[in-house]
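Worksheet: the structure to be examined is printed underneath.
The values are calculated or read from the model by the stated rules, or taken from the named source; none is laboratory data. Being a predicted model, the structure only gives us computed values, none of them experimental. Here the Cβ positions follow ideal geometry from the backbone for every residue, glycine too, while neighbour counts run over all protein chains shown. The accessibility values were calculated without ligands, DNA or RNA, using every heavy atom of the protein model including side chains. Shrake-Rupley method; radii C 1.70, N 1.55, O 1.52, S 1.80 Å.
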Amino acid sequence: MPTPSMEDYIEQIYILIEDKGYARVSDIAENLQVHPSSVTKMVQKLDRDQYLNYEKYRGLILTPKGKKVGKRLVYRHELLEQFLEIIGVDQENIYDDVEGIEHHMSWNSIDRIGDLVQYFDEKPERVNSLREVQKKNEEQNDE
């Protein structure tokens, strides 16, 4: 299993390749706000662990194993964003909150959150009911 740091890199590489068709060390460094030398070290580790193939000055590509993990990590991130949005977390907090929790949840918890998101997606009026309950609770707390 990849470490949380490895997950961040795999996720970012997956996103870059999906968006641009390639992932360069400089792009990864910029998006993760780390030094290019840190990216190079991690990319070499990910290459050794067979998540990607890396050739110095030539670029990198995800292996089938890396693609599978990357796709799952992007799914987890997007699912947690949806979940926090559904439960009414302020938009400006969602990204940072997801970054803070995504590595600390089991896949079993992620799957259950997926069930809950699907439950709300199937009938949007359920979200409206939740909002009404939240509004009542906020009014009671203000009293």
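Have a look at Trp107, Phe83, Ser37 and report the one farthest towards the positive end of the charge dipole of the chain, computed about the Cα centre with Cβ charges (Lys/Arg +1, Asp/Glu -1). Of Trp107, Phe83, Ser37, it is Ser37. Count Lys and Arg as plus one, Asp and Glu as minus one, and take only other residues whose Cβ is under 12 Å from that of Glu138; the net charge is then -1.
Residues within the reach of a label modelled at Val89 (point 7 angstrom out along Cα to beta-carbon, backbone nitrogen below 16 Å), restricted to the range 117-134, are 117-118.
Taking the solvent-accessible surface of protein heavy atoms with a 1.4 Å probe, what is the per residue accessible area of the chain in Å²?
Numbers: 9540 Å² over 143 residues.
For the chain, the solvent-accessible area averages 67 Å² per residue.
The charge dipole of the range 1-52, taken about its Cα centre with unit charges on the Cβ of Lys, Arg, Asp and Glu (plus for the first two, minus for the last two), comes to roughly 240 debye.
Please list 58-70, 25-37 highest first by mean number of surrounding beta-carbon atoms within 10 Å per residue. Before the final figure, lay out each step's value.
Numbers: 58-70: 16.8, 25-37: 14.6.
In decreasing order of mean packing, 58-70, 25-37 become 58-70, 25-37.
For the chain, a simple Cβ point-charge model (Lys and Arg +1, Asp and Glu -1, everything else neutral) yields a dipole of about 1180 debye relative to the Cα centre.
Placing a label point 7 Å from the Cα of Asp142 along the Cα-to-Cβ direction, the residues of the range 112-133 whose backbone N falls under 20 Å from that point are 128-133.
For the chain, lysine pairs with C-alpha atoms less than 27 angstrom apart, excluding pairs fewer than eight positions apart on the same chain, total 24. Taking the charge dipole of the range 4-68 about its Cα centre, with +1 at Lys and Arg Cβ atoms and -1 at Asp and Glu Cβ atoms, the residue from Ile28, Pro4, Asn53 reaching farthest to the positive side is Asn53.
Ranking of Arg126, Arg24 by solvent-accessible surface, largest first: Arg24, Arg126 (1.4 Å probe, protein heavy atoms only, all chains present).
Give the carbon-plus-sulfur fraction of the accessible surface of the chain in %, rounded to a whole number; probe 1.4 Å, heavy atoms of protein chains only. Looking at the chain in its full context, I get 48 percent from C and S.
Of all the C-alpha pairs in the range 74-142, what % are more than 21 Å from each other? Of the Cα pairs, 31 percent sit more than 21 Å apart.
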